[in-house]
Ligand code: HEM
Ligand code: HEM
Ligand code: SF4
C-alpha cells in the first residue's frame, strides 16, 4: 500500500534505455490498481497485471472517450493528433468503428502482407546499402528504422517514391510536437492535407492497385463505403499510426538483440527463430511509451477494487508483459518463446489494425540485417543508448552500430 | 483436435494466418477469419494452439478431444 499512498507520478521515470523500472514488479505484486498523477496533474488509475490489462482492454465499458468532461487529461497541452480531426472523423466505437475497421482491414490481411514482403525486402536492402556506403559507425534508426515504415506506407497508399521524403517530414512534424514550432506544425499539416486531397483526386480519375483506390471503389457512405474526407483522413492516420511506432520498434528490437550478442549469434545460426524473436522483443520492450488510457462509463471492479464511473484507467502493457503469472521466466528473453500472447498491440476490438504489417516489417528488417550485416554490433555500450519519449511510443534517440 | 472460430469477435488482425496459414485464412473483402481446417493434422497442433493463445479477439476455440 505504500506506493498507493504516496501517489506515484506517471509516466514512471526511467534512466535506462532497455530495462524496466523497478516499480513495475512492485506494483504488480502489491498494488495492481494504483493511483497515479499524470503530467497534467490529474489523477488516474494504473493497471500493471497481465490479467487486469487484458480484461480492461477487451471490455467496451472502458471507452476511448478521453474527451469526457471528467476524464483525466493526459498532459497539460492536450493530446495532440489523437485528440484532433483524426479522432472525430474516424468513428472510435460501436458499429461504425467496426465498419471502418473492416473496410480498411481488408488491406492488412496476412496474405497481403506476404505479398508485400518482396518489395519490403528490396526497400530494406536499399536502405542498408545506403547506410553501408555512408560508412561506419552508422545510425540504424536514421538510416533504416525511420525511413522504412514510411516507404512501405507510401507504397500502400500509391504515393510515388519521389514524394516519400516529404511524407517522412510531415509524419515527423505531426508527431514530434516538441521539436517543431507551432507554425511549422501547422504548415506541415496544411501541406499534407493538400497533398492528400490532390492525390485522392488523381486516384479517383485514374485508380491504381492501392488502398485509397480500393476505398474509393467501394463508393460513398450510401454504398457502404466512406466519405471522401474519411478516406483522406484514413490515409493520414495510417501514416501517423504506423510510422513512429514501427520506426522506434525497429531500433529497440535491434538494440535488444545486440545488447547481448549471443542473441544475435543464435539468430545467425538459426534464422527460423526470427518470427518468435520479433514477438519476444515486442513483449520485452520496456520503453513502449505511455500505455493505453481508457475512460470508465460505469462502476466496475478490477482485481477486487471498485472503480467508480468516470475513472480514467491507464493500462501498462509493458508492465503486464512481464507478469510472472502470465509468462514463465517473464524477465528472461527467450527467442523461441511460444505461445507469446503479449499485449504490445493492445487486445480486443481496438487492437492494432496494422499489427500484421508491423510484424512483417520487423521480420523483414531482421532477416535482411542478419543476411547482409552478420557482424553487426552496437557501436556504444548499452548504457549510453538514450531514450526519447514520443507522443504515442517511446524509442531510442539514435542506434549507433558497426558491421 | 477440433477448432472453431467466432467471426463476430474476430478483428481481422491476421495473427492466426501468420502463424498457421494451413489452418486459417482471411476473407478478401473484410479480413475476417476463415477456418480452412476444422480438424487439423497433428503437425499443426502446436501452431494452432499458439494461434488461439495469441488471437487478440479470443476468437479461436480449440478443443483437444480426438
Ligand atoms: C488510425 C489510427 C488510430 C485511430 C483512428 C485512433 C483513434 C483514437 C481515438 C478516437 C481516440 C480518442 C480520442 C478522444 O476521445 O479525444 C484515441 C485515443 C488514443 N489513441 Fe488512438 N487511434 C489510432 C491509432 C493509435 C495508435 C497507433 C496508438 C498508439 C500506439 C494510439 C494511442 C492512443 C492514445 C494514447 C490515446 C489517448 C490519448 C489522447 O486522447 O490523446 N492510437 N485514438
Ligand atoms: C511496432 C509497431 C506498432 C505498435 C507497437 C502498435 C501499437 C498499437 C496499439 C497498442 C494500438 C491500440 C490503441 C488502442 O487500443 O487504443 C494500435 C492501434 C492502431 N494501430 Fe498500431 N502499432 C504499430 C504499428 C502500426 C502500423 C504499421 C499501422 C498501420 C499502418 C498501425 C495502425 C494502427 C491503427 C489503424 C490503430 C487503431 C485501431 C482501431 O482504432 O481500431 N499500427 N497500435
Ligand atoms: S487472430 Fe483472431 S482476430 Fe486475428 S484474424 Fe485470426 S481469428 Fe481474427
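Numbers below:
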{"quantity": "Every residue from segment B:1-46 that is within 21 Å of residue A:342 (Cα to Cα), touching a residue at least 12 places away in the same chain (Cβ under 8 Å) and away from ligand 3 (no atom under 12 Å from the Cβ)", "calculated": "B:45"}
{"quantity": "Enumeration of residues in segment A:228-254 that are away from ligand 1 (no atom under 13 Å from the Cβ) and over 17 Å from the mean Cα position of the chain (by Cα)", "calculated": "A:228, A:229"}
{"quantity": "Residue ranges of helices (runs of 4 or more DSSP H) in segment A:85-169 with at least 2 members within 14 Å of another protein chain (Cβ to nearest Cβ), within 16 Å of ligand 1 (Cβ to nearest atom) and over 21 Å from residue A:362 (Cα atoms)", "calculated": "A:94-105"}
{"quantity": "Qualifying residue in segment B:9-29 (condition: more than 9 Å from chain A (Cβ to nearest Cβ) and touching a strand residue (DSSP E or B) at 6+ places or on another chain (Cβ under 6 Å))", "calculated": "yes"}
{"quantity": "Output for segment B:1-20, where each listed residue is away from ligand 2 (no atom under 16 Å from the Cβ) and surrounded by 15 or more Cβ atoms within 10 Å (Cβ to Cβ)", "calculated": "B:1, B:3, B:5, B:16, B:17, B:19, B:20"}
{"quantity": "Residue check, residue A:181 away from chain B (no Cβ under 14 Å) and within 16 Å of ligand 1 (Cβ to nearest atom)", "calculated": "no"}
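The numbers here are math on the coordinates, done by the rules we state, and not lab data. Not measured: the values here are computed from a predicted model. FYI the Cβ positions are ideal-geometry reconstructions off the backbone, even for glycines, and counts take in every protein chain you see.
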